[in-house]
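The values are calculated or read from the model by the stated rules, or taken from the named source; none is laboratory data. From a predicted model like this one, the values you see are computed outputs, not experimental measurements. Note that we place each Cβ from the backbone using ideal geometry, even for glycine, and neighbour counts take in every protein chain shown. The accessibility values were calculated without ligands, DNA or RNA, using every heavy atom of the protein model including side chains. Shrake-Rupley method; radii C 1.70, N 1.55, O 1.52, S 1.80 Å.
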Amino acid sequence: MRRFLKLRWLLTLFLGVSLIALWGFASGDNRSFQMAKNLDIFNSIVKELDLFYVDTIDPNKTVREGIDAMLYSLDPYTVYYPEDDQDELEQMLKNSYGGIGSIITWNPDLKRSVISEPYEGMPAAEVGLKPGDILLEIDGQDLMGKDNQEVSEMLRGQVGTSFRLKVQRPGTKKPLEFDIVRRSIELPIIPYYTMRPDSIGYINLSTFSGNPSQMFKEAFLDLKRQGIKSLVIDLRNNGGGLLDEAVDIANFFLPRGETLVTTKGRLKQADNVYKTLREPIDPDIPLAVLVNSATASASEILAGSLQDLDRAVLVGTRTFGKGLVQTTRTLPYGGMMKVTTSKYYIPSGRCVQAIDYAHRNADGSVGRIPDSLTTEFKTRVGRIVRDGGGVTPDVEVKAEKLPNILFYLVNENLIFDYATDYCLKHDKVPAPEQFEVTDADYAEFKAKVKAADFKYDQQTEKILKSLKEMAEFEGYLDDASAEFDALEKKLQHNLDRDLDHFSKEIKGLLAIEIIKRYYYQRGSIIQQLKDDPDLKEAVKVLNDPVAYRKMLSAPVAGEQQTDSI
């Protein structure tokens with residue numbers, strides 16, 4: 001009966017909307033008629049399925065999938081959240097949720113979730129959960145076969161509620177049990193900031209959700225008290241958040257009254273202008289901003305605005321290119337929809353949106369806007385910048401290509417498992433600044449990899465095989481067989497050789513995985529910064545006042561504006 005009432009309400013809603021749209025058609029509005037016609041068709045399909053389909057349909061599931069498919073055809077940021085599925089939206093807006101504060105990962109061999117990374121100061125870390133702990137039960141309910149999403153939903157819940165978690169810890173015989181009280185989990189907004197020996201400040205800003213402007217201000221003022229002479233703002237892998245927060249942080253370095261962002265949409269209420277409203281904290285301190293392909297949305301507003309107003313030197317790789325703005329709309333029965341309502345434009349007048357979702361390929365995929373179709377704009381002093389492809393840094397640093405073997409070592413959990421074993425043997429390690437994976441440690445890791453009978457695909461072997469098949473198809477193989485045989489011998493799978501050849505990259509990832517077991521996210525950032533090419537270039541620019549001023553000055557005719565290394 002309840003199911004029938006839900007379905008009847010759904011059909012009544014569609015019928016009501018259809019009648020309204022038909023009235024619009026009677027007034028001469030063909031678009032309203034098209035809307036009414038298609039809603040009526042959808043209404044009839046749901047009704048016919050409910051009456052005649054061989055199996056009983058779930059109206060909530062059926063209609064939800066129809067809604068999701070409809071929204072997917074627009075852009076990936078327009079999303080429907082029913083009343084019982086708003087945790088993700090709340091976390092996105094507030095940067096918080098009720099839970100234990102830990103990343104979990106799925107182990108396909110065990111068919112169980114495993115603690116991957118507890119957050120510092122959060123319930124998981126405080127009760128003593130460690131990376132590698134295998135999740136067995138929650139309040140007596142076996143977690144075998146439940147995927148990460150199911151387990152995550154069970155771990156999350158109302159703040160203040162408690163549960164008992166049973167885990168199996170590597171190196172222990174009996175399972176361990178923990179009583180955990182859920183808290184409001186706020187993800188680290190500024191996981192690390194410091195003053196370097198050369199008086200250059202560094203702030204890692206991970207998100208624009210929550211209240212990052214206040215936390216950034218506190219970190220910046222602390223660094224100023226320590227005596228910094230310049231500042232690096234790290235926006236790499238920052239996926240964005242609240243637009244107002246990006247404007248507030250830019251205002252720390254820009255005078256009052258600057259227009260930073262203009263939003264333009266189809267409806268007039270979507271049009272807004274965002275300006276700096278206060279006097280800056282420091283309008284003169286030299287700035288460098290680190291960006292990469294995962295720098296998106298509000299991060300691009302901050303980076304792009306500082307570039308357009310010639311206030312900072314951008315270092316790294318081209319940003320993601322998300323120039324779409326979303327707002328939330330309230331729906332019946334407690335639902336919410338995050339809907340794209342406008343595009344944002346930064347001070348030079350450019351929009352950084354890099355993907356044209358309005359024109360999909362035949363297979364449904366979308367591509368980036370070609371560079372040939374982008375438009376030239378100018379910064380305040382006349383430096384050339386372009387739209388349609390994210391924000392291109394002033395100093396481009398070629399992204400390092402990770403070796404193929406590293407992908408498979410991570411995918412097979414060999415690096416994660418080695419770090420777990422390492423921690424069982426070492427109660428403590430040196431501070432992140434001094435820690436390193438020794439040659440003896442790496443020899444032990446190599447032995448573990450070989451003992452695991454580790455196998456991985458080599459792309460050269462695949463390409464050579466394809467080339468050989470094509471040569472045979474086109475009749476060239478007989479004449480080139482000797483050359484192919486020689487090349488095959490050269491490219492034979494050699495695990496020892498690859499582990500030695502790529503030891504630097506593998507050691508680096510091992511060090512990060514190990515150090516965060518002891519010093520959490522802050523420690524892993526310190527480890528990564530030890531040999532960071534983007535940071536090195538930023539420091540190089542900030543330590544050269546002449547070069548810094550030149551980069552932010554009006555270009556000289558015929559001079560290349562963007563440096564690449």
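Brief remarks on what is shown
- For the range 412-454, a residue qualifies if it is hydroxyl-bearing (Ser, Thr, Tyr) and in contact (Cβ under 8 Å) with a residue 60 or more places away in the chain, and the qualifying residues are TYR418, THR420, TYR422, TYR442.
- For ILE180, the criteria (1) out of contact with any helix residue (DSSP H, G or I) (no Cβ under 7 Å at 6 or more places or on another chain); (2) over 30 Å from PHE216 (Cα atoms) hold in every case but one, which is (1).
- Scanning the range 266-295 for residues that are in contact with a Phe, Trp or Tyr (Cβ under 7 Å, 6 or more places away or on another chain) and surrounded by 24 or more Cβ atoms within 10 Å (Cβ to Cβ) yields one hit, THR295.
- Qualifying residues in the range 388-403 (those that are buried (at least 20 other Cβ atoms within 10 Å of the Cβ) and farther than 25 Å from LEU324 by Cα) - the one nearest to the chain's Cα centre (by Cα): VAL397
- Filter pass, ALA21 being more than 30 Å from TYR519 (Cα to Cα), modelled with pLDDT under 90, surrounded by 17 or more Cβ atoms within 10 Å (Cβ to Cβ) and over 36 Å from the mean Cα position of the chain (by Cα): yes
- Filtered by the rule that a residue be more than 15 Å from ASP439 (Cβ to Cβ) and charged (D, E, K, R), the range 497-534 gives ARG497, ASP498, GLU505, GLU513, LYS516, ARG517, ARG522, LYS530, ASP531, ASP532, ASP534.
- Scope the range 183-193; condition open to solvent by less than 40 Å² (accessible area, probe 1.4 Å) and without any contact (Cβ under 8 Å) to a residue 40 or more places away in the chain; matching residues: ILE190
- Residue within the range 486-494 that is closer than 25 Å to LEU402 by Cβ and modelled with pLDDT of 75 or more present: yes
- Residue list for the range 434-453, restricted to those being surrounded by 11 or more Cβ atoms within 10 Å (Cβ to Cβ) and closer than 18 Å to ILE515 by Cβ: PHE435, GLU436, VAL437, ASP441, TYR442, GLU444, PHE445
- Look at the range 144-172: where a residue is without any contact (Cβ under 8 Å) to a residue 60 or more places away in the chain and a partner is assigned to a loop (DSSP other than H, G, I, E, B) and open to solvent by 80 Å² or more (accessible area, probe 1.4 Å), sitting 6+ places away or on another chain with Cβ atoms under 8 Å, you get MET144/LYS111; GLY145/LYS111; PHE163/ASP139; ARG164/ASP139; ARG169/LYS130.
- Qualifying residue in the range 364-374 (condition: at pLDDT 90 or above and aliphatic (A, V, I, L, M)): no
- So ARG318, is it under 23 Å from GLN521 (Cα atoms) and open to solvent by 10 Å² or more (accessible area, probe 1.4 Å): no
- Scanning the range 200-230 for residues that are open to solvent by 30 Å² or more (accessible area, probe 1.4 Å) and at pLDDT 95 or above yields a count of 12.
- Wholly enclosed strands (runs of 3 or more DSSP E) of the range 167-283 bearing at least 1 residues within 25 Å of ALA296 (Cβ to Cβ): 183-186, 192-195, 200-204, 230-234, 259-265, 272-275
- Of all residue pairs spaced 6 or more apart or on separate chains, those with beta-carbon atoms under 8 Å, a first member in the range 211-222 that is closer than 12 Å to ASP244 by Cα and a second member that is in a helix (DSSP H, G or I) and of a type in the set (Val, Ile, Thr) are PRO212/ILE249; SER213/ILE249.
- Counting residues in the range 127-138 that are open to solvent by less than 40 Å² (accessible area, probe 1.4 Å) and under 30 Å from PRO332 (Cα atoms) gives zero.
- Of all the numbered requirements in (1) open to solvent by 90 Å² or more (accessible area, probe 1.4 Å); (2) modelled with pLDDT under 90, ASP457 misses one, and that requirement is (1).
- Filter result for LYS264 (touching a helix residue (DSSP H, G or I) at 6+ places or on another chain (Cβ under 8 Å) and either charged (D, E, K, R) or farther than 24 Å from ARG236 by Cβ (or both)): yes
- Criterion applied to LYS343, LYS378, LYS425 was being open to solvent by 40 Å² or more (accessible area, probe 1.4 Å), at pLDDT 90 or above, under 30 Å from GLU88 (Cα atoms) and out of contact with any helix residue (DSSP H, G or I) (no Cβ under 8 Å at 6 or more places or on another chain), and the one residue passing it is LYS343.
- Residue in the range 244-257 that is touching a helix residue (DSSP H, G or I) at 6+ places or on another chain (Cβ under 9 Å), open to solvent by less than 40 Å² (accessible area, probe 1.4 Å) and among the β-branched types (Val, Ile, Thr) present: yes
- Only one entry of ASP87, ASP58, ASP40 meets the criterion of being charged (D, E, K, R) and at pLDDT below 90, and that entry is ASP87.
- Test: residue in the range 468-482 that is closer than 30 Å to VAL313 by Cα and either over 34 Å from the mean Cα position of the chain (by Cα) or not charged (D, E, K, R) (or both): no
- Condition check for GLY160: open to solvent by 60 Å² or more (accessible area, probe 1.4 Å), more than 24 Å from GLY240 (Cα to Cα) and either modelled with pLDDT of 95 or more or outside any helix (DSSP H, G or I) (or both): no
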